[in-house]
Amino acid sequence: MRALIQRVSRASVAVEGECVGAIDAGLLALIGVERDDSRERADKLLRKLLGYRIFADTEGRMNLGLGDSGGGLLLVSQFTLVADTRKGMRPGFSSAAPPQLGRELFDYLVAAAHDAHAPVATGRFGADMQVSLVNDGPVTFMLES
């Protein structure tokens with residue numbers, strides 16, 4: 001399971017012109033699910049999402065995780081994160097989870113996030129989404145579980 005995370009001042013996701021999820025300051029996480037992923041990997045990824053120290057402490061150093069900062073978490077499914085781009089000029093998706101498994105694990109991650117943190121917002125799995133954000137820093141990392 002992969003997450004491309006961005007520390008944001010604000011972020012939102014829309015489907016067909018309707019805002020379906022939004023946060024103020026916090027973390028935007030684009031989530032890619034692979035074939036061999038599991039609930040255990042989703043749990044591990046969530047621990048990283050909440051604890052990864054990319055928020056400033058009182059001295060301005062990146063020493064705080066999302067849980068410490070009190071910021072929001074916006075989770076957006078994005079299967080293209082698991083594409084194989086090593087060869088050729090077209091991405092390969094053989095390592096991506098089938099849609100049913102992808103939805104199951106994404107939904108599990110969202111439910112676990114709601115149990116562990118607030119606020120949590122999401123996009124809509126499988127939808128054509130428009131994501132808007134103001135990257136704070138900019139700060140962007142790829143996390144894997």
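Read the figures in this text as sums done on the coordinates, not as results from a lab. This is a predicted model, so every value here is computed, not measured. Note that we place each Cβ from the backbone using ideal geometry, even for glycine, and neighbour counts take in every protein chain shown.
Let's see how each residue does on (1) more than 12 Å from the chain's Cα centre (by Cα); (2) of a type in the set (A, V, I, L, M):
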position: Ala3; (1), (2): no, yes
position: Val20; (1), (2): yes, yes
position: Leu28; (1), (2): no, yes
position: Gly32; (1), (2): no, no
position: Arg41; (1), (2): yes, no
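Inspect region 10-28 for any residue being surrounded by 19 or more Cβ atoms within 10 Å (Cβ to Cβ) and in contact with a Phe, Trp or Tyr (Cβ under 7 Å, 6 or more places away or on another chain) and give the result as yes or no.
No, the conditions are met nowhere in region 10-28.
Looking at Leu73, Leu101, which is the one that is of a type in the set (A, V, I, L, M), within 16 Å of the chain's Cα centre (by Cα) and closer than 20 Å to Val33 by Cα?
That would be Leu73, the only listed residue that is of a type in the set (A, V, I, L, M), within 16 Å of the chain's Cα centre (by Cα) and closer than 20 Å to Val33 by Cα.
Just for region 26-51: of the residues that are in contact (Cβ under 8 Å) with a residue 40 or more places away in the chain and in a loop (DSSP other than H, G, I, E, B), which one is farthest from Ser95 (Cα to Cα)?
Start the filter on region 26-51 by keeping residues that are in contact (Cβ under 8 Å) with a residue 40 or more places away in the chain, which leaves 26-35, 37-39, 41-46, 48-50.
Subsequent filtering for residues that are in a loop (DSSP other than H, G, I, E, B) retains 33, 35, 37-38.
Numbers: Val33: 9, Arg35: 6, Asp37: 10, Ser38: 14 Å.
The qualifying residue farthest from Ser95 (Cα to Cα) is Ser38.
Out of all the residues in region 27-39, is one or more more than 20 Å from Asp136 (Cβ to Cβ), out of contact with any helix residue (DSSP H, G or I) (no Cβ under 6 Å at 6 or more places or on another chain) and not basic (Lys, Arg)?
Looking through region 27-39, at least one residue is more than 20 Å from Asp136 (Cβ to Cβ), out of contact with any helix residue (DSSP H, G or I) (no Cβ under 6 Å at 6 or more places or on another chain) and not basic (Lys, Arg).
Spot the failing condition for Ile54; the list is (1) in contact (Cβ under 8 Å) with a residue 24 or more places away in the chain; (2) closer than 23 Å to Met129 by Cβ, and only one is missed.
(2)
Does Phe106 qualify as being surrounded by 13 or more Cβ atoms within 10 Å (Cβ to Cβ), outside any helix (DSSP H, G or I), aromatic (Phe, Trp, Tyr) and touching a residue at least 40 places away in the same chain (Cβ under 8 Å)?
In short, no.
What number of residues in region 76-93 are free of Cβ contacts under 8 Å to residues at least 12 places away in the same chain and in contact with a strand residue (DSSP E or B) (Cβ under 7 Å, 6 or more places away or on another chain)?
Count: 3.
Looking at this structure, is Ala111 in contact (Cβ under 8 Å) with a residue 12 or more places away in the chain and either in contact with a helix residue (DSSP H, G or I) (Cβ under 8 Å, 6 or more places away or on another chain) or under 18 Å from Lys44 (Cα atoms) (or both)?
no
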